[in-house]
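Notes follow once the structure below has been shown.
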Amino acid sequence: MTPPIFSRRLSATDAAFLYLERKEIPLCIACVCVFDEPLPFDEFVASIDSKLHLVPRYLQIAVAPPFDIGYPSWEDDPHFDIRQHIFPVTVEAPGGETELQALAGRLFTQVMDRRKPLWEIYVVNGLQGGQGALIVKVHHALADGVAGASLLKVMLGPTPEGSHAVPKPRVSPRKLPPAEHSLAEAIGSAVHGSLQSLIAAEEGMLDFAQGLLSDRMQTGLQELALLLPEVASPTPRLPFNKPCNGDRLFCWAEFDFADVHAIRATIGCKVNDVILTVLTRALVLYAKMHGQPVENRLLRVVCPVSVRREDQKESAGNQITFLPVVLPMDVPDPMEMLRAITARTATMKSTRAAELVAIAAAWLGSAPPPLQKLFWGGLPALMFPAPLFNIICTNVPGSPTTLYAVGKRLIASYPQVPTGYELGVGVAAQSYDGKICFGLTADSEAAPDVTKLRDFIRVSFHELCHAAGVKHAKVQKAKAEEKPAQKAAPAPTARKRPAKAAAAAAAAPTAKPRAEAATAPIPEESKKPERTAKARPVRKPPTAAPAPVPATAPAPGPVAVHGAAPATATAATPAPAPEEVKRHTRRTAPARAPRKPQSEAAAPAPAPAAEAPVAEEVGELTTV
């Protein structure tokens, strides 16, 4: 006896993604996974095949009932072949990041074949640096972002040893008779789905009404009343808010997750608030680049929110709602914008706006499935005077630890969110192993310059870090590695030879004696070392030379400031030009000269002690 058809029936949300999809709106969620080494194709296929029974939904296809009276149902694919879902592909030469992004964009443009289970994996070879990659596609009707991330955890392993193929359980293959889709069964499925959605809507309304009595809701409603002019205002179009008819483009950026947490800790906000702030400031730059004003302008963003319980995180299907937020675009200070966005998202959460969207979706799901299919199928043909919102931004939590596939380490995972209709750009963020990875999906006709927006996201993130006083973790790591080398540099005692040579070279253009150059006062010049080289030929005899010399000999301050300027320059240029080296030596020569005639007053012992803080201070200034 076959199980009841509504035990495998798609939900109203799952079916909506099937109804809405078309060539111009490919609705798959995806990610580009980069590994430290290429993945052997046959071994990877065997590994996935050995674990696929853990997610039986990925062995099934969506079958529509007669006359589309009810929702489609998941049924086992009798002709399942894993080789029709995992494909080898070679990226174009030279196999860099640009070529991998172009390959991902071409694959994300394709609509998936519904005659087989709705997932695909492409094993990418030919990348630079001896790396490998996977491009994973899953239809949105099969899983949302959280369920898709859980699929990666099943297919990948937490250890290199556990990421290989595992013994498959020895069970005889199921031979289920084909399901009989009778008209009566389809009608019963439709009635069951409508009643289920109606009950969910009523439960949501009762829960929302009960929440109106809470103090948090009362406070949120008062704050929302102040934001009503913003919420009720029409949505201005951004440059990419136009019909999408082109191919998909994909690019990404990544940052250290520790920096995000450090920014969040400055005002006690959420990670989502930091992501929205970075995106908003990037869109401000993007709008200005296209000549659009941002004064008194608002950005309307929709953020998918998971409503899964803890015991449902590994299940398939969609269990999401949406949180609409209206964000200001005319706040110049990064931290002020972070505070403004944090206040607005907190207000929308306290008023339970996402629950209202879920209630509206449940009411829509209570309509007969044929009407729902008609609604979602005709929605892309409707053109409103103003878009309902500007962009979708989703944040999917990934694995906090390293994952492996057939022994190869996963370096980064860049998420993709589908886009279309009048949403020319979609942004997804995913955390993984100490990183936060941004993936930007765009329509090639609506936003051909999406890489500019990606660059603006990088600029906005660094500006926010600087405004929050956060030093990038990667910079701090590089600084820690450079400190031992900087401390060891002053150790050799042969530094007097270049000082003498430099002093002679400095004295050559002028007829001044060498002793006069040695007694010249330098404390004021050393404060501005970058412009003292031109003023040095005018060497006037000091009026009170003995006074500054004892003060500058033991103190490391002028030397530290002098060393800071070359450090900042060398951070931008790896190898200084010979003229810069000479100029650097000229500046250092007068600083060393006063120590020689004052060997009695200042013992040579303090000199090594003064070098250590010089290296520390230069390292700090290099970070800034």
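The values are calculated or read from the model by the stated rules, or taken from the named source; none is laboratory data. None of these values were measured; they are calculated from a predicted model. Backbone-built Cβ (ideal geometry, glycine too); neighbour counts: all protein chains shown. Just the protein is used for accessible areas: all its heavy atoms, side chains included, with ligands, DNA and RNA removed. Shrake-Rupley method; radii C 1.70, N 1.55, O 1.52, S 1.80 Å.
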Task: Flag for Arg22 being over 17 Å from Gln319 (Cβ atoms), of a type in the set (Lys, Arg) and at pLDDT below 95 - done: yes
Task: Tally, over the range 412-445, of residues that are under 14 Å from the mean Cα position of the chain (by Cα) and in a strand (DSSP E or B) - done: 19
- [ ] Scan Ala386, Ala367, Ala362 and give me the residue that is in a helix (DSSP H, G or I) and either modelled with pLDDT of 90 or more or not charged (D, E, K, R) (or both).
- [x] Ala362
Open item on the list: Can you report the number of residues in the range 105-123 which are open to solvent by less than 10 Å² (accessible area, probe 1.4 Å) and over 20 Å from Val45 (Cα atoms)?
Closed with: 2
Open item on the list: If the requirement is being in contact (Cβ under 8 Å) with a residue 12 or more places away in the chain, under 24 Å from Ser11 (Cβ atoms) and either open to solvent by 50 Å² or more (accessible area, probe 1.4 Å) or in contact with a strand residue (DSSP E or B) (Cβ under 7 Å, 6 or more places away or on another chain) (or both), which of these qualifies: Val63, Val91, Val45, Val55?
Closed with: Val63
Task: Output for the range 407-425, where each listed residue is surrounded by fewer than 24 Cβ atoms within 10 Å (Cβ to Cβ) and among the small types (Gly, Ala, Ser) - done: Gly407, Ala412, Gly420
Open item on the list: Quick check on the range 135-147. Is at least one of its residues in contact (Cβ under 8 Å) with a residue 60 or more places away in the chain, part of a helix (DSSP H, G or I) and of a type in the set (A, V, I, L, M, F, W, C)?
Closed with: yes
Open item on the list: Whether any residue in the range 181-200 is at pLDDT below 85, outside any helix (DSSP H, G or I) and open to solvent by less than 60 Å² (accessible area, probe 1.4 Å) is what I want to check.
Closed with: yes
Open item on the list: Against the condition of a type outside the set (Phe, Trp, Tyr), within 30 Å of Leu198 (Cα to Cα) and open to solvent by 50 Å² or more (accessible area, probe 1.4 Å), how does Asp81 come out, does it pass?
Closed with: no
Open item on the list: Please go through the range 206-227 and give me each residue that is open to solvent by less than 60 Å² (accessible area, probe 1.4 Å) and part of a helix (DSSP H, G or I), ordered by number.
Closed with: Phe208, Ala209, Gly211, Met217, Gly220, Leu224, Ala225, Leu227
Open item on the list: Take the conditions open to solvent by less than 10 Å² (accessible area, probe 1.4 Å), in contact with a Pro (Cβ under 7 Å, 6 or more places away or on another chain) and not β-branched (Val, Ile, Thr) and apply them to Gly439. Does it pass?
Closed with: yes
Task: Filtered residues of the range 66-78 (kept if open to solvent by 20 Å² or more (accessible area, probe 1.4 Å) and either modelled with pLDDT of 95 or more or part of a loop (DSSP other than H, G, I, E, B) (or both)) - done: Ile69, Asp77, Pro78
Task: Cβ-Cβ under 8 Å pairs, at least 6 apart or on other chains, the range 235-263 side over 12 Å from Ala447 (Cβ atoms), far side aromatic (Phe, Trp, Tyr) and part of a strand (DSSP E or B) - done: Trp252/Tyr414; Trp252/Phe438; Ala253/Phe438; Glu254/Tyr414; Glu254/Phe438; Phe255/Phe438
Task: Odd one out for Cys33 among (1) in a strand (DSSP E or B); (2) at pLDDT below 95 - done: (2)
Task: Selection count where residues are without any contact (Cβ under 8 Å) to a residue 40 or more places away in the chain, among the acidic types (Asp, Glu) and under 15 Å from Ala209 (Cα atoms), scope the range 329-356 - done: 0
